[in-house]
Every structure is written in C-alpha cells, then in structure tokens.
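Heads up: the structure comes next, in structure tokens.
Derivation of every value follows stated rules applied to the coordinates shown; laboratory data play no part. For clarity, every value in this text was computed on a predicted model and none was experimentally measured. Cβ sites come from the backbone with ideal geometry, for glycine too, and all protein chains shown count toward neighbours.
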Amino acid sequence: MIAWSRRRTLIAGALLIIAVNVFALAGVAYNRSGEPTSILHLSERELQLPYGRVSSKENSGVSLSLVWRVRRGNDADGADYGAYGGAADWLDQAKLAALGFDVGSDTARRKFKPWRSKEVLLVLEFDGPAYRQALARAQQSADDEEKLQLANPGNQEFERRAKRARDNAKREASDSSRLFVVDAGLDAAALRAQYPDPTHTLIVRGQVRPQRATRDRQDSLRGHIAALSIAPINVPLQFQPALKPPAAAAKTGSFSATVAFGRRLEPWLVALAETARRK
C-alpha cells in the first residue's frame, strides 16, 4: 500500500513536470509565431553579460539582460541618465493618471504611504533622439569644464572636474547603453502606431509607480520606472563561443546581437557574433 502510494506520488510529480514544460514551450511557440513586434541589433552596450561570462563548456545556462536607461532630470552634466531606470520627467501626474493611478490633487496623504507598482507598457527607443541628446549633453559638459580648466590654470579641482567630464563623454560615446525608456501606455496597438519603427523602438511590459519629488521646494509627482517585466534572454549553445572571456592581457570583448520580440512582447536571441575588441 505504501509502495503504491509512493508510485502514484512519483507519477503525479512526473506528470506535473511534463505539464509545466508543455505549457512553457507552448508559450514560447506562441510568442515566436508570426512576425516579431521588434527586431533590434544591439551590442554589449545594451546587453549585460553574467558575472564571469562563460567560464566553461559545462556552463549551458547563459543569459543576457537588457541594459536600459531613463532620463531623470535636467542636470547639465548629463548625470541625470540612470543606467537601469529611475524617475522620468515625462512621466508626470497627468501621464500617471492616464495609466490608471489614483493621483488626485490631494497627495499629502501619500507622504508616508507609497503607491504600489503597476504593470504597464513601456516604449524603449534604441539609438534615437534620447541617446543623441544624452551624447550632446555629455559633450557640452566636457567642453564647458575644459573652458573652466583653461581659465583656472593649476587649479586641481577644475582639473578633476574636466577629467571627470571628459571620461563621462567618452563613456557615453563608446560604452553606455543607447536604449532609453521614452513613453508608457496601456494599449500596445496605439503605442505602435505612435512609434512605428520596429528596428529602433520596442514595446515591453514594465513596472511603474508614482513617487513624490521635491525640486526648488516644490512637491510634485513623477513616475518611477522600476523594472522591465521580461525574463533574461537565453543564449543557445551555438552562440556561446562569442561570449568567451578574452585573455587577461586582451582588450575588452565586444559582440553584436540580433534580438527579436514576439507576440507576448518577450525577447529571444536570433544571432550573436563576436566583433573586433575595443580598447
């Protein structure tokens, strides 16, 4: 009797595992059916490798994560561009209300009670106006700091500031992600009509919540973009050689990747290749 119970338990467990796998595979198949909603050609600037990269042939569970950014303010030095999100100026009180948040004029009651996050649709722009603005601002900051340094020869503080601004401009031009969250909504079709280029914009689900902000002693509400609601991008075995770590004395590895987004707005890797290593 006990043996029969154990046998039934094992069978039930096996059937559950099979059912879960079938459901997952069906979801993948549905996501990849039909035309992709977006196809982006990215690089290591927009795709985060796991720590240590591919350390051995036995490591088959390799994935990549999107590196995305949000413009957070109006600071002249370009430091308002976060590496993984933050509060966006364009996500103001009116926009939050359109997304379904209860953000009436009486926000004092929320001072010590934060809003809950809500899943909405986010528009991400690749290598477009948002990135070019970030690049121009970083270069302008570097030029301004260089002028101040020249006007104050021998001043170590201005030398440090100029170097920091130059480094930031260089990093913006060659290393920082060019993928920016630029809009949010609830209707995928309406957003796609507004942003029709599938090679430079993508629509995904993400987590947003209102938060209080104080600027110049004035309280306001801004939407905080906390995360994208997508899983890491799995790297199939045939693509993993392109992610092998370079030798200790070699330059930083680079790669190009084609990432598609399907009907469920989930990504998958179409192609991945190693490119010339950058200094």
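As a rough guide to protection, the peptides 227-234, 190-197 ranked by mean Cβ packing within 10 Å, highest first, stand as 227-234, 190-197.
With 0.36 nm allotted per residue and the present C-alpha distance subtracted, the Ala193-Leu135 stretch has 18.1 nm of extension available. Once the piece of chain linking Asp92 and Lys147 is laid out straight, how much longer is it, given 0.36 nm per residue of separation minus the C-alpha distance between them? Length gained, Asp92 through Lys147: 16.2 nm.
When the Cα gyration tensor is reduced to axis lengths a ≥ b ≥ c, the ratio a/c is 1.5 or higher for segment 129-177, and with a/b above b/c it is classed as prolate.
Given the Cα-Cα distance of Leu186 and Ser256 and 0.36 nm per residue of separation, how much length would full extension add, in nm? The partial results should precede the final answer.
Details: separation 70, 0.36 × 70 = 25.20 nm, distance 3.15 nm.
Difference between extended and current length: 22.0 nm.
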